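Working notes, structure below.
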Protein chains: 2
Amino acid sequence: VFEKVAVVGAGSWGTTVASIAARGARTVVWARRPALAAAIAESHQNPDYLPDVVLPDGLSATDSLAEAVREAQLVVMAVPSHGFRSVLEALAPHLSPGAAVLSLVKGLERETQLRMTEIVREVLPGNCTGVLSGPNLAREIVAGQPAATVVAMTDNAIAECVQQLLGVENLRVYTSPDVVGCEMAGATKNVLAIGAGISDGLGLGDSSRAALITRGLAELGRLVVAAGGRRLTIAGLAGVGDLVATCTSPLSRNRSVGVELGRGRSLEDVVGDMRMVAEGVKSAGPLLELSGTLGVEMPIAEQVAGVLRGEQEPSAMVSALMRRTAKPEFEPAPATGEWSQS
Amino acid sequence: VFEKVAVVGAGSWGTTVASIAARGARTVVWARRPALAAAIAESHQNPDYLPDVVLPDGLSATDSLAEAVREAQLVVMAVPSHGFRSVLEALAPHLSPGAAVLSLVKGLERETQLRMTEIVREVLPGNCTGVLSGPNLAREIVAGQPAATVVAMTDNAIAECVQQLLGVENLRVYTSPDVVGCEMAGATKNVLAIGAGISDGLGLGDSSRAALITRGLAELGRLVVAAGGRRLTIAGLAGVGDLVATCTSPLSRNRSVGVELGRGRSLEDVVGDMRMVAEGVKSAGPLLELSGTLGVEMPIAEQVAGVLRGEQEPSAMVSALMRRTAKPEFEPAPATGEWSQS
């Protein structure tokens with residue numbers, strides 16, 4: 001059990017997880033901007049990212065990383081992927097020796113294509129780390145709507161402590177041993193959700209979107225397995241569950257970027273309007289570098305990346321995916337006799 | 001290749017498939033009601049089920065089963081599951097000996113819990129049979145929106161002929177050898193879609209719905225495998241693809257029934273308003289009888305069936321599913337060491 005929890009990052013999901021943790025442990029949320037930290041600490045509101053939500057009285061806030069993480073047994077990382085390493089390096093000297101580091105971040109580091117828990121291992125090689133992942137839209141969870149999620153940690157006993165801490169009435173928390181699979185699925189689904197959004201923005205309909213999700217799940221699965229994750233994770237909440245939520249919910253930022261691109265707006269214009277980060281926009285490049293290194297074909301992610309680079313018209317994306325020749329849905333793999341998706 | 005195709009049933013999906021087939025073969029659609037057959041034949045419209053759509057000139061229509069199926073090499077069955085056997089028995093004497101029978105129907109026979117292709121084998125033991133299944137909303141496909149689907153037949157050469165016939169610019173048709181899996185998934189997803197609709201009707205949000213879809217996919221998968229279908233089918237268009245489309249699209253009839261139930265209307269009231277059949281309403285009972293026989297746990301389908309029988313409040317359905325104790329998402333199966341969803 002955790003006596004003190006630090007949540008590093010005060011975006012909508014970080015604040016939501018902090019407000020759940022505050023019911024079971026002394027919880028401090030760190031906000032980079034002093035004004036936001038003060039608003040959370042004093043008025044128990046996060047006007048920037050969760051307006052109109054009243055946060056628990058027990059939740060404190062600070063703009064000091066040292067103060068946030070000092071004596072915490074659990075540090076929950078909720079900053080965008082591009083700031084993950086630098087924030088982690090800044091907090092590392094103040095961390096208790098045995099503290100566990102839980103990532104909420106679904107992206108890859110641009111320069112290295114590393115997952116967030118791989119960065120944790122580089123910066124803090126001795127600490128237990130892992131991810132929380134699943135179909136969890138912050139605004140819904142903070143409003144008490146029922147949901148389910150998965151926690152995967154390198155030490156399962158600590159995963160069970162996180163399960164106890166965050167498993168409240170409306171949130172069902174499952175444990176999983178598959179850190180790699182859960183994390184890789186999370187980084188991939190944001191890119192695919194941009195594709196689903198493009199299809200919706202073009203007005204192509206729910207049949208198209210479902211086909212994109214299905215074929216997207218196949219490429220997500222290939223990448224998860226090639227990266228060393230478990231096949232079963234693909235079928236779970238952190239796999240198909242999160243993919244479906246992100247590809248279909250109007251509350252998904254990544255899908256929304258795609259919708260606007262599909263309607264003909266430029267990426268610059270769309271991203272300029274957004275207060276929050278759409279991880280898929282940044283992750284598409286490193287994701288394709290990684291899939292190239294691992295030898296995994298990802299036609300949908302490639303099309304999305306082409307659109308994001310401005311090299312592919314959104315309207316050409318779906319037809320490029322449809323134009324392939326007729327064939328069986330699954331091909332028998334010659335060596336093993338097992339079937340793989342073609 | 002088929003020279004003549006008969007489509008038996010002039011609902012929205014039957015008419016859509018007929019209008020695609022008419023581009024490549026002489027195609028006749030059978031409508032039970034003479035007035036509807038006359039409307040399709042004369043004005044090239046289906047005012048009852050696809051208003052405002054102009055059907056191809058080449059598509060003819062009749063209310064005579066004998067005339068429809070005579071000399072057809074392919075008979076496409078598009079009547080509701082409760083009329084499937086009697087219509088098939090009525091057309092059997094007029095059928096060409098080698099004709100293949102393709103089912104578009106996603107349900108189970110109430111009294112026998114049989115899949116539609118099992119009924120075909122009973123009535124026409126010597127004929128090739130199979131299913132067309134995937135995330136295909138009739139109104140979208142007939143409007144030319146891009147989509148993908150799967151055809152699974154007992155004879156793969158005939159599946160490839162169907163692929164050729166129906167694989168038009170906007171419809172990508174994959175073949176599969178797994179008749180059982182594709183058909184079982186189709187019968188199950190309609191029941192699960194009622195559950196997703198109930199969640200939406202209660203206003204529980206996209207995170208809840210995605211969790212229901214994920215756990216629903218797990219129980220669909222267990223049933224497919226227990227019935228003799230292939231595990232990989234679950235991950236394909238006829239599995240997760242069709243489930244996602246049906247659980248998320250406002251165009252899905254089964255989801256719509258659930259939405260209205262979730263809003264507090266009675267089943268009688270909801271069904272009384274509908275012109276078309278929601279197969280999941282009829283299939284829930286036989287589905288649970290079958291899963292009981294096969295020893296497969298289906299907690300979501302059970303909750304849906306309870307709501308349909310009027311024994312379970314919709315608002316209690318989701319909390320009943322959430323109330324189970326915290327555990328790992330997947331449990332190692334003691335014997336094999338393989339992981340199965342818990």
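Here are the numbers for the structure shown:
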item: Hits in segment B:31-58 (condition: closer than 22 Å to B:ALA278 by Cβ, outside any loop (DSSP other than H, G, I, E, B) and in contact with a strand residue (DSSP E or B) (Cβ under 9 Å, 6 or more places away or on another chain)); result: B:LEU36, B:ASN46
item: Among (1) surrounded by fewer than 21 Cβ atoms within 10 Å (Cβ to Cβ); (2) among the charged types (D, E, K, R); (3) within 14 Å of chain A (Cβ to nearest Cβ), the one test that B:ARG121 misses; result: (3)
item: Boolean, A:ILE234 is within 26 Å of B:ARG231 (Cα to Cα), among the aliphatic types (A, V, I, L, M) and open to solvent by 10 Å² or more (accessible area, probe 1.4 Å); result: yes
item: The listed residue being of a type in the set (D, E, K, R), facing chain B (nearest Cβ under 8 Å) and either at negative phi or touching a strand residue (DSSP E or B) at 6+ places or on another chain (Cβ under 6 Å) (or both), out of A:ARG215, A:ARG222; result: A:ARG215
item: Candidate set from segment B:36-90 (those that are over 23 Å from the mean Cα position of the chain (by Cα) and of a type in the set (Val, Ile, Thr)); member that is surrounded by the most Cβ atoms within 10 Å (Cβ to Cβ); result: B:ILE40
item: Check on A:GLY228, facing chain B (nearest Cβ under 7 Å), open to solvent by 10 Å² or more (accessible area, probe 1.4 Å) and over 22 Å from A:ASN136 (Cα atoms); result: no
item: Given (1) more than 18 Å from the chain's Cα centre (by Cα); (2) within 25 Å of A:VAL168 (Cα to Cα); (3) open to solvent by 10 Å² or more (accessible area, probe 1.4 Å), index of the condition A:PRO93 fails; result: (2)
item: Which listed residue is in contact with a Gly (Cβ under 6 Å, 6 or more places away or on another chain), in contact (Cβ under 8 Å) with a residue 24 or more places away in the chain, farther than 19 Å from A:SER319 by Cα and within 11 Å of another protein chain (Cβ to nearest Cβ), from B:ALA185, B:ALA159, B:ALA152; result: B:ALA152
item: Counted residues, segment A:1-29 - those being open to solvent by 10 Å² or more (accessible area, probe 1.4 Å) and of a type in the set (Ser, Thr, Tyr); result: 2
item: Checklist (1) in contact (Cβ under 8 Å) with a residue 40 or more places away in the chain; (2) under 23 Å from B:GLY221 (Cβ atoms); (3) in contact with a helix residue (DSSP H, G or I) (Cβ under 8 Å, 6 or more places away or on another chain) applied to B:ARG263, failing item; result: (2)
item: Whichever residue in segment B:241-257 is charged (D, E, K, R) and open to solvent by 10 Å² or more (accessible area, probe 1.4 Å) and, among such residues, is modelled with the lowest pLDDT; result: B:ARG253
item: Lone unmet requirement of (1) more than 7 Å from chain B (Cβ to nearest Cβ); (2) closer than 23 Å to A:SER315 by Cα for A:ASP206; result: (1)
item: Some residue of segment B:129-143 being surrounded by fewer than 20 Cβ atoms within 10 Å (Cβ to Cβ), free of Cβ contacts under 8 Å to residues at least 40 places away in the same chain and either not in a helix (DSSP H, G or I) or not hydrophobic (A, V, I, L, M, F, W, C) (or both); result: no
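The values are calculated or read from the model by the stated rules, or taken from the named source; none is laboratory data. Because the structure is a prediction, the values reported are computed rather than measured. Positions of Cβ are backbone-derived with ideal geometry, glycine not excepted, and every protein chain shown enters the neighbour counts. For accessibility, only protein heavy atoms count, side chains too; no ligands or nucleic acids. Shrake-Rupley method; radii C 1.70, N 1.55, O 1.52, S 1.80 Å.
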